[in-house]
Ligand SMILES: C[S@@+](CC[C@H](N)C(=O)[O-])C[C@H]1O[C@@H](n2cnc3c(N)ncnc32)[C@H](O)[C@@H]1O
């Protein structure tokens with residue numbers, strides 16, 4: 001290894017070109033890997049707590065988990081808000097097979113969400129926007145389905161940390177300010193912060209959380 005190699009960042013990716021069929025096939029197969037795509041998550045993990053806090057009380061409301069995977073977040077949103085209608089949307093049918101019966105399932109792309117405009121009180125996307133390929137369309141859809149005053153959370157990876165993990169060719173990580181700007185095109189307030197898994201561990205720069213109010 002040359003002297004400079006340890007300082008060099010992996011170059012930013014080429015523009016995403018994968019089609020949705022490729023992404024769907026990848027995740028339909030990947031769902032068998034329970035270690036990488038788990039069905040449950042420890043509710044003490046900050047990602048969960050921040051999603052629940054920002055969404056607030058959703059009893060009698062509707063929450064949408066966009067790119068839900070097997071619904072590890074949706075389960076906890078439903079536990080916390082038993083009176084809420086919780087919708088899990090994912091492009092991969094095999095992921096949705098793991099969603100429990102008290103959660104509605106929608107097999108669709110987050111770039112074309114088959115829910116009415118303003119029909120949802122809170123929506124969130126955890127580690128899924130990075131796979132959307134058409135990021136602008138996905139953010140527009142995430143915000144479109146939320147009613148005015150409704151809440152949105154995105155948790156995803158930080159472009160500054162690009163190269164730290166192996167990624168499929170279409171995956172994109174986000175500049176904190178750029179995604180804030182994109183969300184601000186649709187929402188009246190947006191803030192963001194670095195986030196770690198555990199409260200007593202400082203963020204290491206890999207994950208960011210964005211919180212918006214439409
Ligand atoms: C890394 S997993 C995260 C799953 C879940 N949010 C979680 O934290 O457990 C990414 C998920 O996004 C889904 N996904 C990828 N592209 C999508 C798209 N265009 N529309 C909807 N879901 C998509 C995948 O099928 C996969 O379940």
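The values are calculated or read from the model by the stated rules, or taken from the named source; none is laboratory data. Treat the numbers as computed from the prediction; the structure is a model and nothing was measured. Here the Cβ is made from the backbone with ideal geometry for all residues, glycine too, and neighbour counts use every protein chain on show.
Key figures
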item	result
Residues being out of contact with any strand residue (DSSP E or B) (no Cβ under 8 Å at 6 or more places or on another chain) and either within 9 Å of the ligand (Cβ to nearest atom) or at positive phi (or both) - total across the stretch 97-111	2
Residue 149 more than 10 Å from the ligand (Cβ to nearest atom), assigned to a strand (DSSP E or B) and at pLDDT 95 or above	yes
Residue among 25, 18 that alone is within 16 Å of the ligand (Cβ to nearest atom), under 20 Å from residue 130 (Cβ atoms) and modelled with pLDDT under 95	18
Boolean, residue 138 is farther than 28 Å from residue 83 by Cβ and either crowded, with 16+ Cβ neighbours inside 10 Å or free of Cβ contacts under 8 Å to residues at least 12 places away in the same chain (or both)	yes
From the options 154, 201, residue that is within 23 Å of residue 36 (Cβ to Cβ) and crowded, with 16+ Cβ neighbours inside 10 Å	154
Residues satisfying the stated conditions in the stretch 185-203, i.e. without any contact (Cβ under 8 Å) to a residue 24 or more places away in the chain and under 17 Å from the mean Cα position of the chain (by Cα)	190, 191, 192, 193
Matching residues, the stretch 112-134, being away from the ligand (no atom under 12 Å from the Cβ) and free of Cβ contacts under 8 Å to residues at least 24 places away in the same chain	none
Residue ID - nearest to residue 113 (Cα to Cα), chosen from residues in the stretch 55-85 that are assigned to a loop (DSSP other than H, G, I, E, B) and in contact (Cβ under 8 Å) with a residue 40 or more places away in the chain	67
Every residue from the stretch 30-58 that is under 15 Å from the mean Cα position of the chain (by Cα), more than 11 Å from the ligand (Cβ to nearest atom) and surrounded by 15 or more Cβ atoms within 10 Å (Cβ to Cβ)	46, 50, 52, 54, 55
Selection from the stretch 59-74 of residues that are touching a strand residue (DSSP E or B) at 6+ places or on another chain (Cβ under 8 Å) and within 10 Å of the ligand (Cβ to nearest atom)	65, 66, 67, 68, 69, 71, 73, 74
